Structures are given as C-alpha cells and as structure tokens.
Amino acid sequence: MHAKTMKAGTILVAGALALGGCTQSQERVAAGGALGAGAGALIGGAAGGWRGAAIGALIGGVAGLVIADAIERERAREAAYIAARSGGSNVQSFRNSSGQAVVVRARTVRTYNNSQGQRIRVVERSVTREGKAAGTDQVEVNLATNEASGI
C-alpha cells in the first residue's frame, strides 16, 4: 500500500475525531462519511494509486454519509407508521451503522379528523442511542393516504 494512501486515511480519521463539538446526529453522519471515505481511499489506492485513492475517498465519503443516517431514519419511520395504524405504540431496537444500540419508541398521542374528514394520528417518537436520549419529535400520519408529515 502506498504511503500517500495511508496519509489520506489518517487525515480522514483525524478529521472525524476533530468533530467532537458536533451534535450526536452530526457526529454519526460525519463518522459514517469518514469511514466510507477511508474505506474508499484504501480500495481506490490499492486499485489505482493516489488518484484512485482520492476518487475512492470522495465516492466512499458520500456513500457513507447517506448510509449512516438512512437505516436509522427508516426504522424511526417504520415505528411511527406501526404506532399510527395500531393506535398504540411500537418499539424498534437495533444497531445503527456506527454500531450503537438504538431504541426508537413511538406512541400515538392523539387522533383527530382533518378538514377533509380524514383520520389523522399524531405520533410521538423518542430516540435513544447507547441509553442516552437523542431526541424526540411528533409526526402526523394520515390513515387514509398513509402520508406523514415530519418523517
């Protein structure tokens, strides 16, 4: 492996560690991007030298940013829909792409009819990562169309 490729990987990891002042969500996305960039640089460097490492880091970084948050968003969305359809609650427990234990709790807090007479359920979601609170939000799910706001 080239020394330049190793330097690029080191710089990427150092950059991820420098983000210590970010929120947990920002840290998670940044870490996913950094890990993707590092993996892309190593693969690209092995296949195409310094230029391959740079291209691999760019592509891997973008892919890492997208994937890092997608799994967690999808599980939170799923929990909200299940809670809305049942009129009760739902819990999703899983490990995110960073290996953290995540729990998404969703519960229906109220139901009403909108101006078109469609039934709307308001669902409150709370997320914990590694046992620490990571945020709470509310979404409205239209039971007639299965559309949701805030998801």
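The figures follow:
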item: Members of the stretch 139-148 found to be farther than 18 Å from Ser89 by Cβ and open to solvent by 60 Å² or more (accessible area, probe 1.4 Å), listed by number; result: Ala144, Thr145, Asn146, Glu147
item: Output for the stretch 94-127, where each listed residue is within 11 Å of Leu143 (Cα to Cα) and in a strand (DSSP E or B); result: Thr111, Tyr112, Asn113, Arg119, Ile120, Arg121, Val122
item: Single residue of the stretch 117-138 satisfying the filter (touching a strand residue (DSSP E or B) at 6+ places or on another chain (Cβ under 6 Å), farther than 12 Å from Ala84 by Cβ and touching a residue at least 24 places away in the same chain (Cβ under 8 Å)) that is most open to solvent (accessible area, probe 1.4 Å); result: Glu130
item: Among (1) under 15 Å from Arg75 (Cα atoms); (2) touching a residue at least 24 places away in the same chain (Cβ under 8 Å) - the single one Val141 does not satisfy; result: (1)
item: Count - residues of the stretch 78-116 that are modelled with pLDDT under 90 and surrounded by 15 or more Cβ atoms within 10 Å (Cβ to Cβ); result: 4
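The values are calculated or read from the model by the stated rules, or taken from the named source; none is laboratory data. Because the structure is a prediction, the values reported are computed rather than measured. Cβ sites come from the backbone with ideal geometry, for glycine too, and all protein chains shown count toward neighbours. The area values use the complete protein model at the heavy-atom level, side chains included, leaving out ligands, DNA and RNA. Shrake-Rupley method; radii C 1.70, N 1.55, O 1.52, S 1.80 Å.
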